[in-house]
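Read the structure below first, then the notes.
The values are calculated or read from the model by the stated rules, or taken from the named source; none is laboratory data. Every value quoted in this text rests on a predicted model; they were computed, and no experiment measured them. Cβ placement follows ideal geometry from the backbone for every residue including glycine, while neighbour counts extend to all protein chains displayed. With ligands, DNA and RNA removed, areas are computed over all heavy atoms of the protein, side chains included. Shrake-Rupley method; radii C 1.70, N 1.55, O 1.52, S 1.80 Å.
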Amino acid sequence: AQSVTQPDARVTVSEGASLQLRCKYSYSGTPYLFWYVQYPRQGLQLLLKYYSGDPVVQGVNGFEAEFSKSNSSFHLRKASVHWSDSAVYFCVLSSTGFASALTFGSGTKVIPCLP
Amino acid sequence: NSKVIQTPRYLVKGQGQKAKMRCIPEKGHPVVFWYQQNKNNEFKFLINFQNQEVLQQIDMTEKRFSAECPSNSPCSLEIQSSEAGDSALYLCASSLSQGQNTLYFGAGTRLSVL
C-alpha cells in the first residue's frame with residue numbers, strides 16, 4: 001500500500017518570506033513524485049516532478065523540491081512567496097505503471113499575508 | 001494554463017437526475033482520466049481510457065456512472081441517477097501514455113446535487 005501525508009493543512013506566510021511545504025510518502029518501490037497546485041476555481045497544475053537523478057528538482061514559478069529516500073520525503077520550497085502563490089498544493093505519489101495508481105496528499109493551503 | 005477543456009464549469013442537478021460533463025483532452029494525448037475531488041480534497045480515480053477503449057474503472061463507475069471517449073468528439077462522464085454524495089469536483093486529465101505518469105488536468109466540473 002502507498003500513502004502520502006501532508007501534515008500541514010494550512011500555512012500562513014509573509015509575502016517575501018520563504019516557504020516550505022512538507023510531504024512524507026510511504027511506498028516500498030521506487031516512487032514517482034509530483035507537486036501540483038490548485039488555484040481557486042481551477043484544476044490542478046503541475047509544478048514539478050521527480051523520477052530519478054538529482055534529488056533537487058526545479059519547477060515553475062521559482063518552486064523547487066528535494067527528494068529524500070532516507071526520510072521518505074519530498075518537500076516543496078520557494079525562496080520568496082508572492083500573493084499570487086495563494087493556492088492549495090498537493091503532493092502526489094505514483095507507483096510505476098498506470099497513472100490510476102496515483103495517491104494524493106490531503107493538500108496544504110498557502111495563505112500569503114502582508115509582512 | 002491547462003489545455004484540457006472541461007464543460008460545463010458548474011452543474012446543478014436534483015437527486016435522481018442525469019448529470020453529464022464533457023472533456024476535450026490536450027491535443028495528442030490519447031489517455032484520458034476522470035477523477036472525483038470531494039470537499040475534503042480526497043481524490044478518487046473513476047475511469048481511464050486509451051483512445052476509445054476503457055483501461056480501468058472502479059466499481060462505482062460500473063454501476064451508476066458511464067463514460068466514453070468517442071473518436072473526434074469530446075470525452076464524457078455521465079451519472080445516470082445523481083445522489084447527494086456525488087456532489088464534487090470532477091476532474092478530467094490527459095496523458096501521453098499509460099506509463100507516462102504526468103497528468104495534465106482540466107479546470108473541472110463542479111457538480112452540486114440538491
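Summing Lys and Arg as +1 and Asp and Glu as -1 over all other residues whose Cβ lies under 14 Å from the Cβ of A:SER106 gives a net charge of +4. The Cα-based radius of gyration of region A:1-56, divided by its Kirkwood radius, gives an Rg/Rh of 0.99.
Tally up the carbon and sulfur contribution to the accessible surface of chain B as a whole percent, 1.4 Å probe, everything protein left in place. Taking all protein chains in place, chain B shows 46 percent carbon and sulfur surface. For B:LEU89, neighbours were defined as the other residues whose beta-carbon sits under 13 Å from its Cβ, and their charges (Lys and Arg +1, Asp and Glu -1) total +3.
Tell me, which residues of region B:81-114 get at least 50 Å² less accessible area when the other protein chains come in, versus the chain alone (1.4 Å probe)? Those residues are B:GLN98, B:ASN101, B:THR102, B:PHE105.
For region A:20-67, a drop of 10 Å² or more in accessible area on going from the chain alone to the assembled protein chains (1.4 Å probe) is found at A:TYR32, A:PHE34, A:TYR36, A:GLN38, A:ARG41, A:GLN42, A:GLY43, A:LEU44, A:GLN45, A:LEU46, A:LYS49, A:TYR51. Taking 0.36 nm per residue of separation and subtracting the Cα-Cα distance, full extension of the segment from A:THR5 to A:SER70 would add 21.8 nm.
Straight Cα distances below 17 angstrom link A:LYS78 to the lysines A:LYS49, A:LYS109, with same-chain residues fewer than 8 positions distant left out. With contacts taken as Cα pairs under 8 Å and at least 6 residues apart, chain A reaches a relative contact order of 37 percent. What whole number of Å gives the distance from the Cα centroid of region B:11-61 to the Cα centroid of region A:1-72? Centre-to-centre distance over Cα atoms comes out at 25 Å. Between B:LYS20 and B:LEU55, the C-beta separation translates, for a Förster distance of 35 Å, into a calculated FRET efficiency of about 0.95. Rounded to 0.05, the FRET efficiency of the B:THR7 and A:SER28 pair, given R0 = 35 Å and the Cβ-Cβ distance, is 0.30. Take each residue in B:39-48, count the other chain C-beta atoms within 10 Å of its C-beta, and the mean is 4.
On a per residue basis, chain A carries 47 Å² of accessible surface, using protein heavy atoms and a 1.4 Å probe. In straight-distance terms, cross-link reach from B:LYS44 covers every one of the lysines whose alpha-carbon lies under 17 Å from its own, apart from those fewer than eight places away in the same chain; here that gives B:LYS63. For chain B, every Cys residue has a second cysteine's beta carbon closer than 4.7 Å. Rounded, prolate or oblate: pick one for region A:3-113, where a ≥ b ≥ c are the square roots of the eigenvalues of its C-alpha gyration tensor, a/c under 1.5 means rounded, and failing that, prolate if a/b is larger than b/c, else oblate. In terms of gyration-tensor shape, prolate.
Using only helices, what value at 222 nm comes out for chain B when you add -39,500 (n - 2.57) per DSSP H run of length 4 or more and divide by the total residues, to the nearest 500 deg cm²/dmol?
-1000 deg cm²/dmol
What the Cα convex hull of chain B gives, in volume per residue, is 96 Å³.
Between B and A, roughly 1800 Å² of accessible area is buried in total, ligands, DNA and RNA not counted and the probe set to 1.4 Å.
With both labels modelled 7 Å from their Cα along Cα-to-Cβ, the A:GLU15 to A:SER80 distance reads 1.3 nm.
Extension gain for A:TYR51 to A:LEU114 (0.36 nm times residue separation, less C-alpha to C-alpha distance): 19.1 nm.
Net charge near A:LYS78: determine it from the other residues with C-beta under 13 Å of the C-beta of A:LYS78, scoring Lys and Arg +1 and Asp and Glu -1. Walk me through the intermediate numbers first.
On the way: positive: A:ARG77; negative: A:GLU15, A:GLU64, A:GLU66, A:ASP85.
That sum, taken over residues with Cβ under 13 Å, equals -3.
Using only the Cα atoms of the protein assembly as shown, build the gyration tensor, take square roots of its eigenvalues as a ≥ b ≥ c, and label the shape rounded, prolate or oblate: rounded if a/c is under 1.5, else prolate if a/b is larger than b/c, else oblate. Because a/c hits 1.5 or more and a/b exceeds b/c, the protein assembly as shown counts as prolate.
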